[in-house]
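The values are calculated or read from the model by the stated rules, or taken from the named source; none is laboratory data. Keep in mind it's a predicted model, so treat the numbers as computed, not measured. Counting neighbours? That spans all protein chains shown, and the Cβs are built from the backbone with ideal geometry, glycine included.
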Amino acid sequence: MGRIFNVILAGKFLKFGGIMKVSVGFLMRTAAKAALAALLLQIPRCMGGEDFDLQTTQAAAESGDAQAQYVLGKRYARGQEVPQDYAKAAEYLRKSAEQGYAAAQNDLGAFYARGWGVKQDYEEAAKWYRKAADQGDALAEYSLGRNYLIGRGVDKDPKEAIRWYRKAAEQNQPEAMSALGELYFRGEGEVRVDYQESAKWLRKAADAGRFEALNSLGVQHENGFGVPKNAEEAVKCFREAAEKGDARAQMNLGRMYRTGSGVAKDLVQAYKWFFLSSRNGDGIGTHYLDEMETAEELTEDQMDEARNLALAAKKGRGSGSSQGAGAGNHGG
């Protein structure tokens, strides 16, 4: 039996009697299944950088394995171990998505939303997001909620947006928790303002690393919206987000230093944070910076000191960029 198995795997064909031919066919099918099963066992390892094996993954993908097709699609999208090729990435993601692989469906939706390797098509993006979301994929639920919020590829519907955001947030999806907190803060359409619900989700998002949520939570602490009014806690939230590069939080921290709210008044620190906020694209930060200069609140030496502190802080963070330069965050 062992010799027959080896002959089959070597691709050699021998002449046997009729009964033996049936046995050989059975063995070939069994061997093929065993080989494929062995390949599939290696697929999870293929996602790792050092463990990735292109030949193994391609063989499994060509055999129709959805997970292998997904992995290969992601690799082509990122240019990892293979040349970056969005069209080829989309091709593999589609093969996986059409087999019902939720992560591939979500990524294919993102490709259509951005026009990566396919013609940009928001309706097609929403279609694939929905397929993945219906399977409980948290990122797809968030993406579909965002589409409903802005009316992209679907009719605008804030209530439907909040329904999908909540589904994703309940799976601890960070962007969804932040978006849900923001939506409850401002209200939209039939969605009523609910500061307590907003604060709850913003805190969860902040704990999950979404520092734009920290800025919004700081605004709520500053004003007593859904949480006890506490200027010191507001400063703490603003500072944590500001130090990570959030432009709106940098502006808000500058405000607190300028007025001495929740922190000792320090105009050099105020100018420093307005300067960083302005550099990161926040228009309100630029306004306050111009206002301080026009009113001559600082000497030239003090402004130079503040700029040097700002540049040192920016260099220490690297690029100093924010998660969208405060987009969607609350102002002061």
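Summary table below
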{"quantity": "Hits in the stretch 81-90 - residues which are surrounded by fewer than 17 Cβ atoms within 10 Å (Cβ to Cβ), of a type outside the set (Gly, Ala, Ser) and at pLDDT 95 or above", "calculated": "Pro83, Gln84, Asp85"}
{"quantity": "Options Lys119, Lys167, Lys127; residue that is surrounded by fewer than 23 Cβ atoms within 10 Å (Cβ to Cβ) and closer than 20 Å to Glu190 by Cα", "calculated": "Lys167"}
{"quantity": "Residue ID - surrounded by the most Cβ atoms within 10 Å (Cβ to Cβ), chosen from residues in the stretch 227-258 that are assigned to a loop (DSSP other than H, G, I, E, B) and under 27 Å from the mean Cα position of the chain (by Cα)", "calculated": "Asp246"}
{"quantity": "Where a residue in the stretch 252-272 is closer than 16 Å to Glu222 by Cα and its partner, wherever it lies, is acidic (Asp, Glu) and modelled with pLDDT of 95 or more, with Cβ under 6 Å and at least six apart", "calculated": "Tyr257/Asp266; Gly262/Glu232"}
{"quantity": "First in the stretch 141-164 and modelled with pLDDT of 95 or more, second anywhere and in a loop (DSSP other than H, G, I, E, B) and surrounded by 23 or more Cβ atoms within 10 Å (Cβ to Cβ), Cβ under 6 Å, 6 or more apart", "calculated": "Tyr142/Gln173"}
{"quantity": "Candidate set: the stretch 91-116, residues that are under 22 Å from Val154 (Cα atoms) and among the aliphatic types (A, V, I, L, M); chosen: the one surrounded by the fewest Cβ atoms within 10 Å (Cβ to Cβ)", "calculated": "Ala110"}
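This table checks each residue for (1) of a type in the set (Val, Ile, Thr); (2) within 21 Å of Lys314 (Cα to Cα); (3) in contact with a Cys (Cβ under 6 Å, 6 or more places away or on another chain); (4) at pLDDT below 95.
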site: Lys236; (1), (2), (3), (4): no, yes, no, no
site: Asp246; (1), (2), (3), (4): no, yes, no, no
site: Thr259; (1), (2), (3), (4): yes, no, no, no
site: Phe274; (1), (2), (3), (4): no, yes, no, no
site: Asn280; (1), (2), (3), (4): no, yes, no, no
site: Gly285; (1), (2), (3), (4): no, yes, no, no
site: Glu296; (1), (2), (3), (4): no, no, no, no
